[in-house]
Amino acid sequence: MGATFDFSFVFQYFIKLLPTIQLTLLIVASAIAIGLVVGFLVALPQMYNIPVLRRVSQVYISFFRGTPILIQLFLFYYGLPEMLKLIAVDAARWPALYFVILTYGLHSGAFMSEMIRAAVASVDRGQVEAAYAVGMTGPQAFVRIVLPQAFATALPVFSNLIIASLKDTSLAFSVGVMELTGKASTLAVVSRHLIEAYISLAAIYFIVSFVLERLLRLLEQRVQKRGLASL
Amino acid sequence: MKLDVSFIWTAFVELLDAIPVTLAITAVSVLCGFLIGTAVALARQFRVPVLSQAGAAYVTFIRGTPMITHLLLIYFGMPMLLDAAAEALGFGFRSASIPMIVFAFLSFSITAGAYASEVVRSGLLAVDRGQLEAAYSIGMTGPQALLRIVLPQAFAASLPNISNMLIGMLHGSSLAFTVSVVEINAKAQIVATTNWKFFEAYLAAALIYWGLTIGIERLSALAEKRFKAYSRGGVS
Amino acid sequence: MIALSGIKKSFGKNEVLSGIDLKVNRGEVVAILGPSGSGKTTLLRCINYLEKPDSGVISIGDFKLNCRQHGKKDVHALRQKSAMVFQQYNLFRHKTALENVMEGLVVVRKVSKAEARERSIALLEKVGLGAKLNAYPSELSGGQQQRVGIARALALNPEVILFDEPTSALDPELVGEVLSVIRQIAEEGITMIIVTHEMGFAQEVANHVVFMDGGVIVEEGEPKQLFRYPKEERTQQFLKRITPEAGYSI
């Protein structure tokens with residue numbers, strides 16, 4: 001087992017881990033960005049009840065919500081290069097980070113689409129009717145009237161998804177990406193001060209998620225008070 | 001290397017052995033989680049001094065950190081504490097004799113407890129205050145009112161959240177491979193590396209998790225129908 | 001039989017009850033009237049100890065409780081003496097009409113299930129719901145729910161039944177069915193205290209009327225006396241404002 005507990009290592013590792021926050025946040029941000037786009041595309045056939053596509057998006061959501069993200073990560077990491085080989089793309093040398101971002105993006109896309117659908121459904125039907133009544137077209141009504149209102153309801157869910165995504169990044173080490181958890185494990189093994197390393201790791205995650213949550217809460221409050229104009 | 005469809009089936013069959021381990025981790029962590037969570041939620045609801053603050057801190061910490069950090073801290077921290085304690089007290093006990101799966105049970109229960117406390121709390125909030133008053137007015141004691149009136153309604157209101165938590169812990173159990181517990185994910189890794197067929201093995205694992213998840217969703221829909229029979233009417 | 005003395009209650013700085021004294025005799029039907037915010041509902045809830053008075057003494061039958069010094073058991077004992085019918089009915093949502101009525105008998109009074117069942121069915125038949133025994137509250141109209149609420153209170157055979165504006169959450173066309181059930185049990189000589197806005201009903205059913213305003217009892221007396229010849233100016237004003245409505249009530 002490891003060396004005797006020495007609190008000074010906790011602090012030392014904490015400092016050493018700080019620069020790695022950047023990589024973790026990069027994964028979160030890219031995954032959320034991809035997730036928003038994918039989520040929107042997946043939600044559309046459901047909202048507009050498009051026959052076949054609706055079924056496809058249901059299966060998509062069911063799969064990504066129905067399997068552990070770790071398994072999804074392995075599936076893409078090992079499976080995608082083989083798939084791409086079929087269309088003569090060589091992905092074998094791509095950095096693991098690409099696979100991580102892609103998996104996390106697709107994963108959060110499933111949750112985002114549920115969020116978008118629920119938020120849009122929460123907007124009162126009378127709002128759309130009123131928009132039609134003043135002569136707006138369907139897309140106009142959607143973009144100008146429905147979306148801004150849906151945004152306010154979606155925001156708390158969106159915050160939760162960001163925090164969940166941050167915590168999920170801790171699994172990226174399993175395909176060799178040196179984000180916070182990967183880095184901490186390396187430090188731990190090298191020095192044999194395992195527990196100290198993992199305490200600083202937990203502390204860093206806690207601080208990052210705490211700060212993110214506070215910022216998102218502020219944003220929610222602003223949007224609730226003054227609407228989208230405050231952005 | 002091409003996709004070997006028949007190997008997906010082979011892997012699938014091999015992975016079936018690991019399902020009980022996954023289910024055991026899920027069941028133990030959710031059950032213990034609910035015991036912890038109910039205690040924490042009640043302590044916070046009734047503002048029990050010290051316990052309610054400690055509960056709040058516990059929930060905030062667990063929810064603010066990834067599940068894998070809980071597992072790593074327990075896995076590496078517990079033996080250290082236990083051995084130190086055993087040595088100080090002169091017991092012959094050594095942490096090496098603890099089976100790996102115990103660390104998974106312990107750590108995941110602690111994780112689940114924090115999430116369960118939020119589930120219980122929102123369930124309690126969903127019960128109208130008038131229900132408690134009515135219970136008191138017919139002469140029930142506090143514990144009677146809680147057990148017979150509030151908790152059953154809170155439970156029915158929480159069913160969707162409970163199902164989500166079950167699914168969350170089922171998926172979370174895939175982390176147990178980091179402490180060498182052979183559940184579905186770890187088994188998939190073994191099958192994958194021994195046959196050098198990663199994609200097929202993980203595809204089989206994904207199918208199993210997917211099936212289990214759909215099973216939980218179906219069961220919870222059934223339970224909801226059964227336990228929420230009382231709200232079927234539209235008149236109020 | 002029921003005596004309240006010096007009941008005081010404040011919410012924060014706002015004193016809602018400023019020393020209430022009230023006596024109710026066995027078999028009496030007392031109506032408490034007053035504008036909203038006068039403290040009448042709070043007073044009623046204090047008798048059932050759903051609100052804890054800051055001070056005062058509540059005695060029901062042979063049981064006496066000093067609000068300043070008592071244990072949990074005393075509160076429990078006090079609650080057993082009374083039963084409450086709520087404005088929002090508050091039927092147990094996860095239990096059928098029959099189970100709602102049986103609950104107190106079985107759990108609190110420890111009556112056997114078979115006997116509780118028999119008594120509960122009789123009571124539900126009495127309030128005209130013999131056909132709805134197995135309906136859940138969500139399947140009943142407001143008037144039906146309130147009648148179950150009354151049966152639930154009656155089942156406990158309490159010394160007094162407290163009615164907290166029993167008809168004010170109901171649609172107008174459902175008020176009649178509930179009032180007629182209350183009228184029927186009033187005639188059986190059950191002691192009742194009713195907080196209500198139904199002036200005509202109060203005049204007809206009550207043998208004693210209490211007018212409250214600003215946390216005190218302004219005036220009390222026989223209904224005829226109080227409605228026709230109110231002594232206090234505040235009572236006169238209140239009745240003047242409310243009377244046109246009373247004209248067409250039941």
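The values are calculated or read from the model by the stated rules, or taken from the named source; none is laboratory data. Keep in mind that what you see is a predicted model, and the values were worked out from it rather than measured. Don't worry about glycine lacking a Cβ; one is built from the backbone with ideal geometry, like all the others, and counts go over all protein chains shown. Protein only, heavy atoms only, side chains kept; ligands, DNA and RNA dropped before computing areas. Shrake-Rupley method; radii C 1.70, N 1.55, O 1.52, S 1.80 Å.
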Excluding residue B:21 itself, what net charge comes from residues whose Cβ is under 13 Å from its Cβ, given Lys and Arg +1 and Asp and Glu -1? -1
Expected vector for region B:194-209, Karplus 3J(HN,Hα) from phi with 6.51, -1.76, 1.60 and θ = phi - 60°, integer Hz, x for Gly and Pro, equals 6, 9, 6, 10, 6, 4, 4, 5, 6, 5, 4, 4, 4, 4, 5, 4
Can you say what percent of the DSSP beta bridges in the protein assembly as shown, counting only those with both residues inside, are antiparallel? Round to 5. 60 percent
What is the set of long-range amide H partners of residue C:55 at a cut-off below 5 Å, with H atoms built 1.01 Å from backbone N? C:8
So which DSSP H runs in chain C come out at 18 Å plus along the axis (Cα) with average Kyte-Doolittle of at least -0.5? C:142-155, C:172-187
Do any of C:9/C:231; C:23/C:240; C:13/C:52; A:167/B:197; C:73/C:110; C:8/C:40 go past 19 Å between their Cα atoms, and which? C:9/C:231; C:23/C:240; A:167/B:197
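What does the helix-only formula give at 222 nm for chain A: each DSSP H stretch with n ≥ 4 adding -39500 (n - 2.57), the total divided by the residues, and the result rounded to the nearest 500 deg cm²/dmol?
About -26000 deg cm²/dmol.
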What's the FRET efficiency of residue C:233 with residue C:168 using the Cβ-Cβ distance as r and R₀ = 41 Å, to the nearest 0.05? 0.95
How high is the relative contact order of region A:7-229, in percent, counting Cα pairs under 8 Å that sit 6 or more residues apart? 30 percent
Protein-protein interface of region A:175-201, residues with accessible area decrease of at least 40 Å², isolated chain reference, 1.4 Å probe: A:195, A:198
For the pair residue B:50/residue C:207, report the inter-label distance in nm, with labels modelled 7 Å from Cα in the Cβ direction. 5.6 nm
Quickly estimate the mean residue ellipticity at 222 nm for chain B, helices only: each DSSP H run with n ≥ 4 gives -39500 (n - 2.57), and the total goes over all residues, rounded to 500. -25500 deg cm²/dmol
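Taking all protein chains as present, what is the carbon and sulfur share of the accessible area of the protein assembly as shown, in % to the nearest whole number, probe 1.4 Å?
Here it works out to 61 percent.
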If you average the C-alpha positions of region B:14-83 and of region B:160-236 separately, how far apart do those two centres end up, in angstrom? 19 Å
For chain C, calculated [θ]222 nm from helices alone, where every DSSP H run of n ≥ 4 adds -39500 (n - 2.57): -11500 deg cm²/dmol
Given Cβ charges of +1 for Lys and Arg and -1 for Asp and Glu, the option among A:88, A:47, A:58 whose Cα lies farthest towards the positive end of the dipole of chain A is A:47
For residue C:81, list the aspartates and glutamates whose Cα falls under 15 Å from its own Cα; do not include residues on the same chain fewer than 8 positions away. C:62, C:159
Length released on extending from residue B:96 to residue B:5, taking residue separation times 0.36 nm less the Cα-Cα span: 28.6 nm
Pairs of Cα atoms under 8 Å, at least six residues apart: use those to get the relative contact order of chain B, whole percent. 30 percent
C-alpha center-to-center spacing [region C:87-125, region A:20-70] in angstrom: 50 Å
Cα-projected label distance for residue A:4 with residue A:211, points at 7 Å along beta-carbon direction, nm: 3.5 nm
Report, to the nearest 10°, how far helix A:51-66 tilts away from the longest principal axis of the Cα atoms in chain A, using its own Cα long axis and a range of 0 to 90°. 30 degrees
I'd like the residues of region C:79-107 whose 1.4 Å-probe accessible area shrinks by no less than 40 Å² going from the isolated chain to the full set of protein chains. C:79, C:90, C:92, C:93, C:94, C:103, C:107
For the pairing of chain A with chain B, what total accessible surface becomes buried, with a 1.4 angstrom probe, in square angstrom to the nearest 100? 3200 Å²
Calculated FRET efficiency, residue A:11 and residue B:57, Cβ-Cβ r, R0 22 Å, to nearest 0.05? 0.55
Exercise: per-residue mean of other protein chain Cβ atoms within 10 Å, C:16-26: 0
Residue by residue through region A:200-213, which ³J(HN,Hα) values in whole Hz follow from phi under the Karplus form 6.51 cos²θ - 1.76 cosθ + 1.60 (θ = phi - 60°), with glycine and proline marked x? 5, 4, 4, 4, 5, 4, 4, 5, 4, 5, 5, 5, 4, 5
Once each part is reduced to its C-alpha centroid, what is the distance from region C:174-238 to region C:13-49 in angstrom? 12 Å
Just to verify a number: FRET efficiency for residue A:53 and residue B:195, C-beta to C-beta distance, R0 = 41 Å, to 0.05? 0.65
Using the alpha-carbon atoms, what tilt in degrees (0 to 90, nearest 10) does helix A:21-47 show relative to the longest principal axis of chain A? 30 degrees
About the Cα centre of chain B, how large is the charge dipole given +1 on each Lys and Arg Cβ and -1 on each Asp and Glu Cβ? Please answer in debye to the nearest 20. 660 debye
Please report the buried accessible area for the interface of C with B, total over both chains, probe 1.4 Å, in Å² to the nearest 100. 2400 Å²
Work out which residues of region A:78-118 lose at minimum 50 square angstrom of accessible surface when the other protein chains are put back, relative to the chain isolated, with a 1.4 angstrom probe, and list them by number. A:78, A:82
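Taking a probe of 1.4 Å, how large is the accessible area per residue of region A:7-229, in Å²? Before the final figure, lay out each step's value.
Values: 10920 Å² over 223 residues.
Dividing the accessible area of region A:7-229 by its residue count gives 49 Å².
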With every protein chain kept in place and ligands, DNA and RNA left out, what is the accessible area per residue of region B:4-53? Probe 1.4 Å, answer in Å². 56 Å²
Can you pull the one-decimal nm distance between simple spin-label points at residue B:228 and residue C:52, each 7 Å off the Cα toward Cβ? 3.6 nm
In degrees, nearest 10, the alpha-carbon axis of helix A:180-191 is tilted away from the dominant principal axis of the alpha carbons of chain A by 10 degrees
Extended-chain gain in nm, criterion 0.36 nm per residue less alpha-carbon gap, residue A:221 and residue A:40: 62.7 nm
